[in-house]
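Just so it is clear, none of the values below were taken in a lab; they were calculated from the coordinates. Since the model is a prediction, treat every value here as computed from it, not as a measurement. Glycine gets a Cβ as well: all are built from the backbone with ideal geometry, and neighbour counts include every protein chain shown.
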């Protein structure tokens, strides 16, 4: 693997993890059809076992098996970036080591949200231990401060981490602060700053971000934004971002914060691909609410956008 | 005045209010020279008595006198938007009425930060009373949630305010959330969404924002960003935004939150225009710190940018 | 006045400010009957123009006039502590000076909530300027961090303020953190730490706080808590605190944060003393909601408690 | 086991988990000597694998083994309450089931901090699944909102949980809001509300809380507070709480929030019982800082208090 050149561009989709009806087990039978679906959506890259995938609600065994099953679908994608962050260092080290053994293209790690690091130094120390367990695999920080409540300067993280973490390649910047993304990008050329918030992608593009990580079904919006932006048609890009924003605004009526991921998963059956419920403490939408959501999504043309 | 067409474009500068050495009085002798300086910086519009101007640290008498003195300098600018927000409704009503009497181009009003409104409805009710006191003057909401801790949906404010506030023209959106700015702009065409955060202007431009309100001395950066962006030279726009970001990052080492305005004012003597101290509870930089700040600003070429 | 011995004990009531029906003016006709009502409730001390009194929603002229009218009722109370905090230093200095001229027993000052101080030093500097304008009047810090968003260490404030503010006598500690109150009390003997949150008074008593500042109509609860606690009947004190807590819990259903003061004022007509509406951005309860509130208050025996 | 009568009273100590020097493994050799030490401190109850014990930084295997080793020391204590909360439901279910199999006196469970529940209903659903895996073991909610950022009404949790969770016995209330503790206690007689914040114990006692969960070495302070309070010597109780507060204040200079647990563990070698480092992202104090801490602790007589 050429560490210094791994740099996924464009749309990276974060798949949900298919669960059985009672939510108790991963539904291993769904990976192939889901991968086919994603391929049809023209999604080049996957971000596996992240927040959308409810990685942190899965057991170690499930994390490992799920990673392996996605790797079996690898030929349908350009690359797979595996999230190996958990609530504790030892588990993440084990997942990092496993990730390297199965040949993922890169790993990403989030900081724990319970024992929250209180400065960049301790995040670097933590991430170094994780990254060192996969010495031949590109490493990404997964920064998502509104979920973890760990608020650090991403740019300062890179200042400190560059020498410490040999495999450091970039960050999945799901924290919404664009000046943090921008400062990082400009001060740390050569590293990759991927945007992780759906409703700020055009803005991030204008600042120079090369990749966006998003719920898989939003890919058509971002492919359009990228295409329009790159061809110089700013108004078309704004229209696509507005269409995306409308979906975000509709979704936010049905759940915000962590619960927004439950809303997202509730949209899969509307795309004829039931991936099961979310796991507690997230709560799947009732069928009544799901129906209302569907009709609101229809009103903003969501289903036309994501038709494949 | 043609209410429906007032729409300042490009750079709107928020001047500091000149205070006497002990901070106890407005230094009325400085307005002319300061206005000349601003004119040289090619600043088309002024936002008077806002946060940068420490409007909320001034007495009613000072607010009124300062507004009048800026109006005497009016011929040097395309327009003057006057902030008439205070901590209480009656004072703001009085200032709104005075504003109309002196012929400002528009007024803006912030929500109180002590008795914080807890929904959009009460903000609309409050602003309606203020706007009605200046029935022939374009009205702008001044939304700055990180200062007031009043968090509302700006878009919903417009939904409700459109019919209630006849003079409604737009918002000075100093709250940093871009999706709020963008949703507002797209859902409420015809109203004006002015961005008020220095470090997100390129992003706001890409989304379609037509005006930025900023500390006066940052105008050269924004004039450059606008020019480069409009001519399609995105990399030049990014470089200018990066240069601006560097200034923001340097400043933030010397004071964040409300204190950042004290840091800004401490920069004026470096531009050969001493506008006096800030008022408590803000604290002016010690001369030692101001010296360090100056040398850091020099290192990021600030003084080359703002040379007039 | 003997500065070093002013130390109101027991219940200090914060009266609402009577407004006319449209909320536009202070209703100066109500002060006498309201004072009589308060006297019947056996309230020894008044805290005038504070948060309950919507001091920060009043103009300077109204603040001054209201202070004077309460002073005309002075013979019905042991002491009157006047809040002279505003959004800006100059206004507070003027109010402090006026307060001394009319002979109040003490003054209290809150820190501005818009230009928020970012450390204890700047709060001390600010308060010193205010206190110095009333050099013969006992001075209290009014600390209420959940309203102002100014979070300081009260104990550290006293460390720094002791030598600076000659008239310093204590703090109205409306911030809810008891360890802050307790640390302050123990480290700064001789100063007075008055508790300002209804639902923690028994706890504050057990820690040694000698006075509580509360909405006037809650006085009977606190008189009972104090009496039971002092006579060693802890279970009776708990029962009274529980009765108080029930009122707090009912009220919180109708409005929290700043809006809770609107709920309180809506309770006055239920006590046959209509003091008018609250001022925007607070919103008075609709008559429907007020009726529901009344019936919930009845269910927790509020009207039996406050019968005079 | 008599579910309805398990109700530990007085001091419940939360032991640290001994780690090896490099922090990589649990140091299983230390449990006996540590248990002896705790016994000498006259600690009746243990709260194992909680926040102090860094339970959430341990692997499943370590959690299980540690629980078993503490159970081997069970004869030195009146009861052992085992924390089985993790970041995800399946792991907590497994730990609950194991807990019952080894005969702990009770289990407690915290809500996940990454996928944060957004209402009481989902916390109840989550906890029910966990509790049902140990159908013969008393169950406690572990509410610690400043660590998890899950802010619920504890009282409403009990309203909803009473019928759902057959084994519900109480709450370890480490959230600092006393009105929440008090409302819960009064509205839900028969359940147990244990206080979990060192610096509010006297206050909680006055409100009627029967048990406190604390870092083990603070037990002498609480034993004294309880004894003095029960014998009616309030001033002695305040003095002991003040002595405790001084330790809290000293500790807070060396680390706040999650890092405060690192400071606590750094105090163990000062008591001649080195339990190893904390785990990343917490950071053990440098020896320099530990020395300074020790001398500050000496100055507030900590070592006299905890001498056994």
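Rg and Dmax of segment A:1-79, based on Cα coordinates, read 12.9, 43 Å. Among residues of chain B, the one whose Cβ lies closest to the rotation axis carrying chain B onto chain D, together with that distance rounded to whole Å, is B:151, 8. Shape call for segment C:127-252 from the C-alpha gyration tensor, a ≥ b ≥ c root eigenvalues: rounded (a/c under 1.5), prolate (a/b greater than b/c) or oblate? Cα axes put segment C:127-252 in the prolate bin. With label points defined 7 Å past Cα in the direction of Cβ, position residue B:74 shows copy-to-copy spacings of 4.8, 7.1, 8.6 nm, given to one decimal and shortest first. Each other copy places its own label point for residue B:135 at 5.2, 7.5, 8.0 nm from this one, sorted shortest first, where the point lies 7 Å along the Cα-to-beta carbon line. Each copy carries residue B:253; placing its label point 7 Å along the C-beta direction from Cα gives inter-copy distances of 2.8, 4.9, 5.6 nm, listed from smallest up. Here each label is just a point 7 Å from Cα along the line to Cβ, and for residue D:227 and residue D:21 those points are 4.0 nm apart.
Based on C-alpha pairs under 8 angstrom that are at least 6 apart in sequence, segment D:16-123 has a relative contact order of 24 percent. The residues A:58, B:127, when put in order of fewest to most other Cβ atoms within 10 Å, stand as A:58, B:127.
Once the cut-off is 22 Å, how many percent of the Cα-Cα pairs in segment A:181-308 end up in the long-distance tail? That tail contains 41 percent of the Cα-Cα pairs. Its Cα gyration tensor gives segment B:60-152 an equivalent ellipsoid, and the semi-axes of that ellipsoid, as √(5λ) in whole Å with the largest first, are 24, 13, 12. Using C-alpha pairs under 8 Å with a sequence gap of at least 6, the mean separation divided by the residue count of chain C gives a relative contact order of 19 percent. Roughly what percent of Cα-Cα pairs across segment B:223-280 reach past 17 Å? Here the long-distance tail beyond 17 Å is 54 percent of all Cα pairs in segment B:223-280. Each residue in B:173, C:98 was given a count of other beta-carbon atoms within 10 angstrom of its own, and listing them fewest first yields C:98, B:173. Cα extents for segment B:40-107 along the principal axes, largest to smallest and rounded to whole angstrom: 36, 23, 16. Comparing B:80, B:107, B:152 in a Gaussian network model of chain B (Cα springs below 10 Å), the most mobile by mean-square fluctuation is B:152.
Label the protein assembly as shown by shape, choosing from rounded, prolate and oblate, from the square roots a ≥ b ≥ c of the eigenvalues of the Cα gyration tensor; if a/c is under 1.5 it is rounded, and otherwise prolate applies when a/b is larger than b/c, oblate when it is not. Cα axes put the protein assembly as shown in the oblate bin. With neighbour counts taken as other beta-carbon atoms within 10 Å, the residues C:267, A:195, D:270 rank, fewest first, as D:270, C:267, A:195. If you model segment C:116-180 as an ellipsoid using its alpha carbon gyration tensor, with each semi-axis the square root of five times an eigenvalue, the axes come out at 19, 12, 11 Å, biggest first.
Only helical runs count toward this figure. For chain B, summing -39,500 (n - 2.57) over DSSP H runs of n ≥ 4 and dividing by all residues gives -13500 deg cm²/dmol at 222 nm. Can you give me the C-alpha center-to-center distance between segment B:143-193 and segment C:63-100, rounded to a whole angstrom? Value for the Cα centre distance between the two parts: 38 Å. Would segment B:1-144 count as rounded, prolate or oblate if I go by the C-alpha gyration tensor, calling it rounded below 1.5 in a/c and otherwise prolate when a/b exceeds b/c, oblate otherwise? The shape class here is oblate.
The Rg/Rh ratio of chain C, with both radii computed over alpha carbons and Rh defined as the Kirkwood radius, is 0.94. How high is the relative contact order of segment D:196-308, in percent, counting Cα pairs under 8 Å that sit 6 or more residues apart? In percent, rounded to a whole number, it is 23. Within the listed set A:66, A:183, A:137, the Gaussian network model of chain A (springs between alpha-carbon atoms below 10 Å) gives the highest mean-square fluctuation for A:183. Computed over the Cα atoms of segment A:263-308, pair by distinct pair, the Kirkwood hydrodynamic radius stands at 11.1 angstrom.
Taking A:114, A:31, A:193 in turn, the Gaussian network model of chain A (Cα-Cα springs below 10 Å) assigns the largest fluctuation to A:114.
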